[in-house]
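Enquirer: Sharing a structure with you now.
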Amino acid sequence: MLSINNLVAEVEGKTILKGLNLEVKPGEVHAIMGPNGAGKSTLGNVLAGRENYEKTDGTVTLDGKDIFELEPEERAAEGMFLAFQYPVEIPGVSNLEFLKASIDAISKYRGVEAPDSVSFMKKAREACKAVNLDQNFLKRGVNEGFSGGEKKRNEIMQMMLLEPKLCILDETDSGLDIDALQVVAKGVNELRSPDRAFVVVTHYQRLLDYIVPDYVHVLADGKIVKSGGKELALELEKKGYSWLEQEVA
Amino acid sequence: MSDEVINERIGKDYKAGFVTEVDSETLPPGLNEDVVRAISAKKGEPEWMLEWRLKAFEAWKTMEEPDWAHVNFPKVDYQEISYFSSPKSMEDKPKSLDEVDPQLLETYEKLGIPLHEQEILAGVAVDAVFDSVSVATTFREKLEEAGVIFCPISEAVHKHPELVKKYLGTVVPVRDNFFAALNCAVFSDGSFVYIPKGVRCPMELSTYFRINEAKTGQFERTLIVAEEGSHVSYLEGCTAPMRDENQLHAAVVELVALDNAEIKYSTVQNWYPGDENGKGGIYNFVTKRGVCHNNAKISWTQVETGSAVTWKYPSCILKGDNSIGEFYSVALTNNMQQADTGTKMIHLGKNTKSTIIAKGISAGKSQSSYRGLVRMSPMAEGARNFTQCDSLLIGDKCGAHTFPYIESKNPSAVIEHEATTSKVSDDQMFLCQQRGIDPEKAVSMIVNGFCKEVFKELPMEFAVEAGKLLEVSLEGSVG
């Protein structure tokens, strides 16, 4: 589904990703771990197409399509979803309005009919329920005055509603207490399916207790330096990252 | 006096005094006493009206064009303007929408304006638009039943001289300011509304109903009088861009809310803003003011997206005790547009209250200023004001400015002022795009969210249109 080959990318002139390779197949969950400054968040941003995150070499395809040929909104419509580390507020624009605009735009891109208001509302309510968000959140401005945990749950709520094929979670666990973490994980696990893939970027192992990955990759200095099964996360938890950095060096 | 005589008289004094036969209803450019007389004569006005105009003209001659607004434009040559032109004849108008500027039609399309309304707006020669005529007639009958007077002000001068005499110029005096004085001298037409005591006007009054009647032209004059305990909601303007060849607009609106009356005045202004390089566009220099007697309320809501230069401060004089003034404003400027707009809340009575919510949005290379005055007079015991002004910037070549003036001469008065400036951030844009929303739609959504507090004050269908209007006005603001 997602195929990353020798990806080199820079942010404001500084090279952050230095030849990254990753192959993600439908139904798989890949965890990307690594120390601070390794380029974890850059990866999500480059894939989703944030401004100033420039690919300088390599290729990335999503179901065979070169993503760098696509605008960020087209990548989204192709089924790529990025759950933000720091979800931003859009005052005065209700969550509902925002999500309807999102679904309408994506449907239009795909040439399918957008769901009618009734079924959309029904789904939106279900998605809220799944992440323990009160339905009032649908009427509130996007992330406006939400607590940190509510913002993250709101991201997962959006993900459930939009049903993307590739979900990238950018340190979704940061700043979450254990209860919120479980709620977020439950939402993600409900979405797991044979035709959907996840890339879970995290600094800590604890999220992976709840979202159990098929593969764990260690990102250090812009490259994947080690890959393994879920047990690699536990090893990292015990030993930290420094031994790997030394190993590479 | 026949047209010929008038033309002859005026023609003598002007080098440019040439009037074509076809267009005999247009006065040659220039302004002097004879022109004022000619305008009055064309309308067959009574002597008192002419006297009033002449007095205003005398005053205007001694006045200076104000230069304190935060706007820049070439000086207007008032002798280059023609001060009277009657509507174009049917022969001059486009015969069908096929003859109308496709760009204009595209905008109508985007705003979702029905076809026959498009024809009216574009000035297509439709002498029998049966729908709207019959609708207008129905409205008239209903209003008459309630005792409401709603007619062109030129008609009111003849039919209701006692009311016009009593109130005209009482809120905005003849010498109020340069543009108001000019309007008094040469006003073309406008609306007159009178709501009798205790009557709740049975419908929203809109200039739009009158669109088939004489075009009001560039010097519009509106007078609304709400008798004791009455209530009226008035809508001015239209979301569709209006075609107009006149560059200078200087309108005056006066509102009188007598004891316990309420007037809600909503405006959508979408005159031609000029092109991306600032060429063309309307200069909109408007004086709008209302006076509130005891327990009365006046609420101004405006959505300003058009015009090259806007100079406009809808104000309330809170004369009566417990009276309330409100001002809700969205002013959007794009490309080279400039707007200096805001309000004045003059608290005279006890326990008077005012609320100001002003939202300025600047995009392109435009400049948007909020200018507001809150004055608490020594008698304004227990008066309160709350002001919130927010500016939103799109891009880094535009400007937003705030000029709040606060004068409090009563120690018991409470004045609150909040102001914010924000930008449509890259993070907000990226979030929208990551959810599949294209940048133009994203900007319009963010801006609409920013304006929500004001839009909710607009009458329902106006609010929906206003949202679409912002979207169209913002086109091209994202790179």
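The values are calculated or read from the model by the stated rules, or taken from the named source; none is laboratory data. Values in this document were obtained by computation on a predicted structure and should not be read as measured data. Glycine gets a Cβ as well: all are built from the backbone with ideal geometry, and neighbour counts include every protein chain shown. Protein only, heavy atoms only, side chains kept; ligands, DNA and RNA dropped before computing areas. Shrake-Rupley method; radii C 1.70, N 1.55, O 1.52, S 1.80 Å.
Enquirer: Is there a residue in the range A:110-118 that is outside any loop (DSSP other than H, G, I, E, B), among the charged types (D, E, K, R) and open to solvent by 50 Å² or more (accessible area, probe 1.4 Å)? Don't jump to the end; show me each part of the working.
Expert: Of the range A:110-118, the ones outside any loop (DSSP other than H, G, I, E, B) are A:110, A:117-118.
This time we only want the ones that are among the charged types (D, E, K, R), so: A:110.
Filter once more, so that each one left must be open to solvent by 50 Å² or more (accessible area, probe 1.4 Å): A:110.
Yes: one or more hits.
Enquirer: Would you pick out the residues in the range B:140-197 that are out of contact with any helix residue (DSSP H, G or I) (no Cβ under 7 Å at 6 or more places or on another chain) and of a type in the set (D, E, K, R)?
Expert: Hits for the range B:140-197 are B:Arg140, B:Glu141, B:Lys142, B:Glu144, B:Glu145, B:Glu155, B:Lys159, B:Glu162, B:Lys166, B:Asp176, B:Lys197.
Enquirer: Could you please give the count of residues in the range B:340-351 that are touching a residue at least 60 places away in the same chain (Cβ under 8 Å) and crowded, with 24+ Cβ neighbours inside 10 Å? Explain how you work it out, then say what you get.
Expert: Here is the first cut: in the range B:340-351, the ones touching a residue at least 60 places away in the same chain (Cβ under 8 Å) are B:340, B:342, B:347.
Still in the list and also crowded, with 24+ Cβ neighbours inside 10 Å: B:342, B:347.
Going through the range B:340-351 one residue at a time, the tally reaches 2.
Enquirer: Using the structure shown, decide if A:Lys139 is farther than 30 Å from A:Pro91 by Cβ and open to solvent by 10 Å² or more (accessible area, probe 1.4 Å). So that I can check it myself, show each step before the final result.
Expert: On the way: farther than 30 Å from A:Pro91 by Cβ: no; open to solvent by 10 Å² or more (accessible area, probe 1.4 Å): yes.
The answer is no for A:Lys139.
Enquirer: Given (1) open to solvent by 10 Å² or more (accessible area, probe 1.4 Å); (2) in contact with an Asp or Glu (Cβ under 7 Å, 6 or more places away or on another chain); (3) part of a strand (DSSP E or B), identify the lone condition not met by B:Asn335.
Expert: The single condition B:Asn335 does not satisfy is (3).
Enquirer: Do we have any residue at all in the range A:56-70 that's acidic (Asp, Glu) and in contact with a helix residue (DSSP H, G or I) (Cβ under 8 Å, 6 or more places away or on another chain)? Talk me through it step by step, then tell me what you get.
Expert: Just the residues of the range A:56-70 that are acidic (Asp, Glu), to begin with: A:57, A:63, A:66, A:69.
With the extra rule that they be in contact with a helix residue (DSSP H, G or I) (Cβ under 8 Å, 6 or more places away or on another chain), the set shrinks to none.
No, the conditions are met nowhere in the range A:56-70.
Enquirer: Taking B:Arg53 as the residue in question, decide whether it is at pLDDT 80 or above and more than 22 Å from B:Thr170 (Cα to Cα).
Expert: Details: at pLDDT 80 or above: yes; more than 22 Å from B:Thr170 (Cα to Cα): no.
The answer is no for B:Arg53.
Enquirer: Looking at the range A:143-166 only, could you name the residues that are buried (at least 18 other Cβ atoms within 10 Å of the Cβ) and polar (S, T, N, Q)?
Expert: A:Asn143, A:Asn154, A:Gln158
Enquirer: Scanning for something in a helix (DSSP H, G or I), at the interface with chain B (Cβ under 7 Å from one of its Cβ atoms) and closer than 18 Å to A:Leu7 by Cβ, does the range A:49-68 turn up at least one residue? Quick ask: steps written out before the conclusion?
Expert: Of the range A:49-68, the ones in a helix (DSSP H, G or I) are A:67-68.
Then drop every residue that is not at the interface with chain B (Cβ under 7 Å from one of its Cβ atoms), which leaves none.
The answer is no; no qualifying residue exists.
Enquirer: Provide a single number: the residues in the range A:170-198 that are at pLDDT below 95 and assigned to a strand (DSSP E or B).
Expert: Going through the range A:170-198 one residue at a time, the tally reaches 1.
Enquirer: Give the residues of the range A:43-71 that are open to solvent by 20 Å² or more (accessible area, probe 1.4 Å) and of a type in the set (Val, Ile, Thr), sorted by residue number.
Expert: Matches in the range A:43-71: A:Thr56, A:Thr59, A:Thr61.
Enquirer: In the range B:143-163, what residues are modelled with pLDDT of 95 or more and open to solvent by less than 30 Å² (accessible area, probe 1.4 Å)?
Expert: B:Leu163
Enquirer: Inside the range B:376-459, counting only helices (runs of 4 or more DSSP H) that do not spill past its ends, which hold 1 or more residues that are more than 14 Å from every other protein chain (Cβ to nearest Cβ) and open to solvent by 20 Å² or more (accessible area, probe 1.4 Å)?
Expert: Working: elements: B:426-434, B:439-450, B:452-455.
Helices (runs of 4 or more DSSP H) meeting the threshold: none at all.
Enquirer: Still on this structure: Can you pull out the residues in the range B:348-372 that are in contact with a Cys (Cβ under 9 Å, 6 or more places away or on another chain) and outside any loop (DSSP other than H, G, I, E, B)? Reasoning before the result, please.
Expert: Residues of the range B:348-372 in contact with a Cys (Cβ under 9 Å, 6 or more places away or on another chain): B:349, B:352, B:354, B:356-368, B:370, B:372.
Those that are in contact with a Cys (Cβ under 9 Å, 6 or more places away or on another chain) and outside any loop (DSSP other than H, G, I, E, B): B:Ser354, B:Ile356, B:Ile357, B:Ala358, B:Lys359, B:Gly360, B:Ile361, B:Ser362, B:Gln367, B:Ser368, B:Tyr370, B:Gly372.
Enquirer: Against the conditions (1) surrounded by fewer than 18 Cβ atoms within 10 Å (Cβ to Cβ); (2) under 19 Å from the mean Cα position of the chain (by Cα); (3) more than 14 Å from every other protein chain (Cβ to nearest Cβ), where does A:Ala130 fall short? Just the number, please.
Expert: (1)
Enquirer: Let me ask you something else. Determine which single condition A:Asn143 fails, assuming it passes every other condition in (1) within 14 Å of chain B (Cβ to nearest Cβ); (2) at negative phi; (3) under 21 Å from the mean Cα position of the chain (by Cα).
Expert: A:Asn143 satisfies all of (1) within 14 Å of chain B (Cβ to nearest Cβ); (2) at negative phi; (3) under 21 Å from the mean Cα position of the chain (by Cα) except (2).
Enquirer: A follow-up question, please. Keeping to the range B:460-476, report how many residues are open to solvent by 20 Å² or more (accessible area, probe 1.4 Å) and assigned to a loop (DSSP other than H, G, I, E, B).
Expert: So the answer is 2.
Enquirer: Could you check A:Glu113 against (1) within 14 Å of another protein chain (Cβ to nearest Cβ); (2) without any contact (Cβ under 8 Å) to a residue 12 or more places away in the chain and say which number it fails?
Expert: (1)
Enquirer: Would you check which residues across the range B:295-308 are surrounded by 24 or more Cβ atoms within 10 Å (Cβ to Cβ) and part of a strand (DSSP E or B) and list them? Full working, then the answer.
Expert: The initial filter retains those residues of the range B:295-308 that are surrounded by 24 or more Cβ atoms within 10 Å (Cβ to Cβ), namely B:296, B:298, B:300-308.
Answer for the range B:295-308, where residues must be surrounded by 24 or more Cβ atoms within 10 Å (Cβ to Cβ) and part of a strand (DSSP E or B): B:Ile298, B:Trp300, B:Thr301, B:Gln302, B:Val303, B:Glu304.
Enquirer: Among the residues that make up the range A:87-105, is at least one of them more than 13 Å from chain B (Cβ to nearest Cβ) and out of contact with any Ser or Thr (no Cβ under 6 Å at 6 or more places or on another chain)?
Expert: Step one: of the range A:87-105, the residues more than 13 Å from chain B (Cβ to nearest Cβ) are none.
No.
Enquirer: So which residues in the range B:263-294 are under 18 Å from B:Leu332 (Cα atoms) and not in a loop (DSSP other than H, G, I, E, B), if there are any at all?
Expert: Hits for the range B:263-294 are B:Ser266, B:Thr267, B:Val268, B:Gln269, B:Trp271, B:Tyr283, B:Asn284, B:Phe285, B:Val286.
Enquirer: Here's another thing I want to ask about it. Which numbered condition in (1) part of a loop (DSSP other than H, G, I, E, B); (2) modelled with pLDDT of 65 or more; (3) surrounded by fewer than 13 Cβ atoms within 10 Å (Cβ to Cβ) is the only one that B:Leu31 fails?
Expert: All conditions pass for B:Leu31, except number (3).
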